Amino acid sequence: MNNATIDLENFSFSYLEYREMDPFHLKRHIHPTYEILFVTEGKIDYVIEDKSYALEKGDLLLIRPAQYHFVRDIVAPPYRRFCFHFLPDFTGDDKLIENVFDRGEMFTLREGSAAEKLMFLFKELLTQLPQNAREPLCKDMLHAILLSLLTLKKAPKKNSAVIEKNCWKILDYINVNLTTINNAEDIANALFYSKSYINHLFKNELNISVMQYIRNKRILLAHKMIGEGAKPTDVFLKCGFSNYVTFYRAYCQYFGFSPSDNKRKR
């Protein structure tokens with residue numbers, strides 16, 4: 001099995017194998033890109049926000065920007081998968097992306113399907129082409145893969161299970177009140193839980209503190225608004241930050257560049 005990776009301005013691809021849990025590479029994360037995850041071998045327990053999926057060979061997940069997700073366990077190694085990360089700017093076809101991702105979250109590819117063949121073909125071509133030919137290939141192949149995904153049927157609901165019910169309630173409350181929550185006590189008072197219970201539940205289910213989760217979500221919201229043309233000095237309050245300095249530091253720490261860095265703006 002040959003691993004393969006590529007990183008471009010608004011696109012990344014990897015085909016990797018894991019024989020055991022790797023906390024560094026399989027860490028819990030949230031990002032501003034769309035993601036396509038396709039399992040080619042093994043069985044894993046995967047979490048997206050409030051849902052847990054039992055994935056095996058042939059299963060595919062569509063993950064939207066700003067969704068918290070991670071591999072919770074490798075049930076049957078080796079775990080092999082394709083992973084595509086991209087922004088709409090890379091394909092230039094926002095409507096196609098929305099049509100694909102509006103269809104659902106989990107699908108199963110039949111062996112020999114067009115989407116499966118395209119992914120393996122892409123991996124093979126990627127290793128054969130010179131560096132200057134890779135970006136056009138990535139754009140064309142991603143577009144073809146997205147078109148092929150329009151023919152997929154959603155996987156049976158039995159493959160999806162909701163994580164701890166109270167954690168789901170907290171996530172739902174946060175997503176509705178993202179920009180107005182001041183601290184964990186606000187959530188506790190609204191849902192009639194204790195602050196310590198909320199923190200414990202988040203750590204246990206998602207392995208992240210509730211306020212860190214909220215901060216990451218707010219940064220991604222600000223990033224999206226800035227990418228749509230808003231000024232950084234206009235968005236920080238709208239996204240729930242009390243002052244610009246706090247927002248600026250959090251943004252730089254998360255992305256590695258400043259909110260006003262137009263060169264890296266998505």
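Computed from the Cβ-Cβ distance with R0 of 22 Å, the FRET efficiency linking Arg19 to Glu56 stands at 0.85.
Site pair Cys252 and Leu129 shows an inter-label distance of 3.7 nm when each label is modelled 7 Å from Cα along Cα→Cβ.
Which of rounded, prolate or oblate describes the chain when judged by the alpha-carbon gyration tensor and an a/c cut-off of 1.5?
Numbers: a/c = 1.99, a/b = 1.30, b/c = 1.52.
Because a/c hits 1.5 or more and a/b fails to exceed b/c, the chain counts as oblate.
By definition, a body whose alpha carbon gyration tensor gives a ≥ b ≥ c is prolate when a/c is 1.5 or more and a/b is larger than b/c, and region 205-266 fits this prolate description. Result for the chain in a Gaussian network model with C-alpha springs under 10 Å: among Lys165, Lys123, Lys139, the largest mean-square fluctuation is at Lys165. Based on C-alpha pairs under 8 angstrom that are at least 6 apart in sequence, the chain has a relative contact order of 16 percent. Helical runs assigned H by DSSP (4 residues or longer) give the chain a calculated mean residue ellipticity at 222 nm of -12000 deg cm²/dmol, each run adding -39500 (n - 2.57) before division by the residue total.
Descending by average beta-carbon neighbour count within 10 Å, the peptides 228-241, 172-185 line up as 228-241, 172-185, the highest first. Inter-label distance, Thr233 to Lys153: 5.7 nm, where each label sits 7 Å from its Cα along the C-beta direction.
Peptide packing for 79-85, 191-197, 25-31 was compared via the average number of neighbouring C-beta atoms within 10 Å per residue; ordered from the highest value, the list is 79-85, 25-31, 191-197.
Quick note: the coordinates plus some simple rules give every number you see, no bench work behind them. Please read all numbers here as calculations on a predicted model, not as lab measurements. Here the Cβ is made from the backbone with ideal geometry for all residues, glycine too, and neighbour counts use every protein chain on show.
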